[in-house]
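> Mind having a look at this structure? Questions to follow.
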Amino acid sequence: MPSDMPKSIKSCWIITDGSAGMENQCVGLAEAMEVPFLVKRIKTAKPWKWLPPQLWLAPLRFLKKDGDLATPPWPDLVISCGRQAIPICIAVRKASQNQTFTVHIQTPNIHPSSFDLVVVPEHDKLRGQNVVVSMGSLTRITAEKLHAEKQKFDADLRDVHSPVVTVLVGGPNRCYDVTPETMDKLCQQLTALHKNSNCEFLVTTSRRTGPENTEKLKQALQTLPHKMWSGDGENPYFAYLEKADAVIATSDSVNMICEAATAGKPVLIFPLPGGNRKFNFFHRSMQQQGFCRPLSDDLTIWTPPALSETVRIAKIVQDIWRTDQK
């Protein structure tokens, strides 16, 4: 191999606190880069977990043993996401004498120069020389993955007929609320949608949806043609996305909306009470670019543009890695 060619990435750690939304973004980037990776779900000790990353004296020493540890040999690449992962990622970079290339996803509460690269969504304000901006969040969605998952659930989905509307229901978070009245409104719109289009529903809930809201949804769906997954058995999420002619997503989750858009589906947004500047910017941008529209009582199906941010970001990371290694 010529001496000016960069070495390949032979090892990668994904460091998060185990939150699915964070971990999936990291895994999606690693998969798009086609690098072998090891997921490290860390647990940090008190009082360090409450402190800003710059105040951690020896981050690698304060990982709890009931989570994953960070010990040498150090990997070629670290992809991290989430507040708890920040000091660990920085510490690995330092311990490896800057031989480990570090990528942090989402805006860190520390200067971006602490990492080799920072990937932030467009609706965040952070910009800088080593900051890459993505349209929404990164995902694990690929045509191959969707097809494979759909095949696994073919028998269960064989009797589901078009038009198929997949409904992704989130739940309360720091910016949005989900009340029984909100769920009543969603159920009323699903009923109207079926009446006006004869559509069938594939419904998934999240842990944040809560038992009361989930039960209310189950009761409303009894009179509608549907299948519903709420945590029991294998998760058909990807199969539901592949089967959909359109997707309804609650407004609380950037990840769900970006996953549906990356799957190439028209996305109808069901608004929840709340929101903030970042969410409002995200929703406005996604609608302006043709990925999403507001949910109404009439089923709207259109051909949205392609959203392939994870592949685009993966190429940027690889190009910077190659330049850095020469």
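> Direction-averaged shadow area of the convex hull around the Cα atoms of segment 227-326, nm²?
On the way: hull surface 36.8 nm².
Its Cα hull, projected and averaged over all orientations, spans 9.2 nm².
> In addition: Among bridges DSSP assigns within the chain, what percent are antiparallel (round to 5)?
Numbers: 2 of 43 bridges.
Here the antiparallel bridges make up roughly 5 percent for the chain.
> What's the longest bit of the chain with no exposed GluC sites (Glu not before Pro), using DSSP loop states and at most 13 other Cβ atoms within 10 Å as the test? Mind dumping the intermediate values first?
Working: sites that count: Glu34, Glu234.
In short, 35-233.
> Within segment 93-109, find all residues whose amide N lies under 20 Å from a label point positioned 7 Å from the Cα of Leu69 along Cα-to-beta-carbon.
What the label zone holds, given the 20 Å backbone N cut-off, is 93-97.
> Could you grab the relative contact order for segment 143-294? Cα pairs under 8 Å, six or more apart, rounded to a whole percent. Mind showing how you got there, number by number?
Details: 237 pairs, mean separation 45.5, N = 152.
It comes to 30 percent, rounded to a whole number.
> Over 21 Å between Cα atoms: which of Lys216/Lys243; Lys152/Lys243; Lys145/Lys216; Lys94/Lys125; Lys216/Lys278 fall into that group? If you can, show how the numbers build up before the last one.
Details: Lys216/Lys243 25 Å; Lys152/Lys243 12 Å; Lys145/Lys216 32 Å; Lys94/Lys125 27 Å; Lys216/Lys278 30 Å.
In this structure, Lys216/Lys243; Lys145/Lys216; Lys94/Lys125; Lys216/Lys278 exceed 21 Å between Cα atoms.
> Let me check against my output: what whole-number percent is the relative contact order of the chain, with C-alpha pairs under 8 Å and at least 6 apart?
Working: 591 pairs, mean separation 57.0, N = 326.
Taking the mean separation of contacting Cα pairs over the length of the chain, I get 17 percent.
> For the pair Thr323 and Ser230, what calculated FRET efficiency results from E = 1/(1 + (r/R0)^6), where r is the Cβ-Cβ distance and R0 = 56 Å, to the nearest 0.05? Mind dumping the intermediate values first?
Values: r = 47 Å, r/R0 = 0.83.
Computed FRET efficiency for Ser230 and Thr323: 0.75.
> Over segment 85-215, calculate the relative contact order: mean separation of alpha carbon pairs under 8 Å at least 6 apart, over the residue count, as a percent. Working shown, then result.
Working: 127 pairs, mean separation 22.4, N = 131.
Once normalised by length, the contact order is 17 percent.
> Taking 0.36 nm per residue of separation and subtracting the Cα-Cα distance, what length does fully extending Arg293 through Gln129 add? Provide the component values of the computation, followed by the final result.
Values: separation 164, 0.36 × 164 = 59.04 nm, distance 3.38 nm.
Here the answer is 55.7 nm.
> How much length is gained on full extension from Glu34 to Trp302, taking 0.36 nm per residue of separation minus their Cα-Cα distance?
Working: separation 268, 0.36 × 268 = 96.48 nm, distance 3.20 nm.
So the extension gain works out to 93.3 nm.
> Moving to a separate point now. List the DSSP H helices in the chain whose Cα atoms stretch 20 Å or more along the helix axis and whose mean Kyte-Doolittle hydropathy is at least -1.0.
On the way: long enough: 180-197 (25 Å, -0.82); 309-325 (24 Å, -0.53).
Those that pass (Cα extent of 20 Å or more, hydropathy at least -1.0) are 180-197, 309-325.
> Mean shadow of segment 143-294, computed from the convex hull of its alpha carbons, in nm²?
Numbers: hull surface 34.5 nm².
Value for segment 143-294: 8.6 nm².
> For the chain, what are the per-bin percents of Cα-Cα distances with bins 10 Å wide, up to the bin holding the maximum?
Values per bin, smallest distances first: 6, 25, 31, 23, 12, 4, 0.
> If the chain between Asp245 and Asp159 were fully stretched, how many nm would it gain, using 0.36 nm times the residue separation less the Cα-Cα distance?
Values: separation 86, 0.36 × 86 = 30.96 nm, distance 1.51 nm.
Roughly 29.4 nm would be gained on extension.
> To the nearest µm²/s, what D does Stokes-Einstein give for segment 64-182 at 10 °C and 1.306 mPa s, using the Kirkwood radius over alpha carbon pairs as Rh? Walk me through the numbers on the way to the answer.
On the way: Rh = 18.1 Å.
D = 88 µm²/s.
> Which one, Gln84, Leu60, Gly21, projects farthest toward the positive side of the charge dipole computed for segment 9-166 from Cβ point charges (K/R +1, D/E -1)?
Sorting the options by dipole projection puts first Leu60.
A short reminder: the numbers here are calculations on the coordinates, not readings from a lab. This structure is a prediction, so every number in the text was calculated from the model and none was measured. Cβ: placed from backbone, ideal geometry, glycine included. Neighbour counts: every protein chain shown.
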